[in-house]
Amino acid sequence: MPVALITGITGQDGSYLADFLLAKGYRVVGMVRRSSTLTFSRLAHIQDEIELVQGDLHDQGSVVSIIERYRPDEVYNFAAQSFVPMSWNQPVLTGDATALGVARLLEAIRLACPEARFYQSSSSEMFGKAREVPQSEETPFYPRTPYGVAKVYGHWITVNYREKHDMFACSGILYNHESPRRGLEFVTRKITRGAASIKLGLADELRLGNLEARRDWGFAGDYVRAMWLMLQQDAPNDYVICTGQTHSVRDFCQAAFDYLGLDYRDYVVQDQRFYRPAEVNLLVGDPQRARENLGWETEVSFEELVQMMVNNDLELLERKTASE
Ligand code: GDD
């Protein structure tokens, strides 16, 4: 039975990847930080099938002993401070976890189990003020936030361990990927939760920031498949993972409210509080390498994604109000 270690398993991607790997017959081990407010809600349905172990990317020793103990075949790194605007409030913490955390994990693998295959979650935020449209694996980075800067470090340290230490280390440059398990602070989930609340009479407006920002939004369930495929190849490489299509925040609002028979213009209020100091206006990727080398394609369209998220939020809110 192959063993996979997932850091950040309590998050959206960790939980989808755990589902995927369990279905493939893996033994799935998740590294979790001790915290008084940890949420395992995304793992509730598989809690008896996975193993959780306490460790922290801030603590080198804890990571080394976990790698020594489980000797994983594959390591997937999702642990990070992942909310972009927060990185302006906590730039040092973001750098420590999102950048140096990758180096600590790579060091642990090099010391304790160098044959393990490694996946690093890199981000399209590394392109930031994008030098070209669409972006590919060859596009130069121009990060615009402490988060983006930290991810650039994580990307390059992964490439360097591959080249210097001959490790099977891959960096997936993922564009925004969403799902019903998305955190409530990210714009897509904020919109679907807000629209569902308005539909049920629980709210009468939705306050957002910049509606003109454009992103390449895909479904997280499709994206974890690409990560796994990267680690099954003969040679490690870096891959842009995206749909190749772009929509604005306004388009997302329109799709979500339309689906509920509402006009978003009656409810969405633009609020300066949610604008960003250095906005990334347009991100859209070119998925050609992933298509050709991995045979990877998306299965869920933009409209299906919006509807899946709206349906989930309607259901959750209906259940919540019924139980109150
Ligand atoms: N969060 C949020 N809240 N974003 C808003 C709002 C709002 O009220 N109003 C407009 N936006 C705009 C933001 O300004 C941004 O341009 C866009 O919506 C998307 O914001 P997020 O959903 O917060 O995602 P992100 O693009 O900053 O980052 C996500 O994708 C990255 C990959 O490109 C995160 O998942 C990152 O961790 C990931 O690396």
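Coordinate-derived values only; no laboratory data. Source: prediction; values computed, not measured. Neighbour counts are summed over all protein chains in view; Cβ atoms, including those assigned to glycine, are modelled from backbone coordinates with ideal geometry.
Whole-Hz Karplus values for the stretch 62-79 come out as 5, 6, 4, 5, 5, 5, 4, 6, 9, 6, x, 7, 9, 10, 10, 9, 10, 5 Hz, taken residue by residue from phi with 6.51 cos²θ - 1.76 cosθ + 1.60 and θ = phi - 60°; glycine and proline positions read x. Normalised size of the stretch 256-324, defined as Cα radius of gyration per 2.2 N^0.38 Å with N residues, equals 1.63. For a modelled paramagnetic label at Leu202, 7 Å from Cα along Cα-to-Cβ, the residues of the stretch 271-311 in reach, with backbone nitrogen under 16 Å, are 309-311. Per-residue ellipticity at 222 nm from helix content only, as computed over the chain with -39500 (n - 2.57) for each DSSP H run of at least four residues, stands at -11500 deg cm²/dmol. For the chain, the alpha carbon convex hull comes to 134 Å³ per residue, rounded to a whole number. DSSP finds beta bridges in the chain, and of those with both partners inside it, around 5 percent are antiparallel. The chymotrypsin sites (Phe, Trp or Tyr not before Pro) of the stretch 31-100 meeting both criteria, a DSSP state outside H, G, I, E and B (loop) and at most 15 other C-beta atoms within 10 angstrom of the site's C-beta, are Phe40, Phe83.
From the Cα gyration tensor of the stretch 20-115, with a ≥ b ≥ c the square roots of its eigenvalues, which class applies: rounded if a/c is under 1.5, or else prolate if a/b is larger than b/c, or else oblate? Because a/c hits 1.5 or more and a/b fails to exceed b/c, the stretch 20-115 counts as oblate. Separation of the stretch 130-201 and the stretch 85-126, taken as the distance between their Cα centroids, equals 13 angstrom.
Amide H contacts under 5 Å for Glu137: Val240, restricted to partners 5 or more places along the chain or on a different chain, H placed in the peptide plane at 1.01 Å from N. Peptides 115-124, 59-68 ranked from most to least packed, by the mean per-residue count of other Cβ atoms within 10 Å: 115-124, 59-68.
In terms of packing, defined here as the mean over residues of other Cβ atoms within 10 angstrom, the peptides 6-17, 231-242 line up highest first as 6-17, 231-242.
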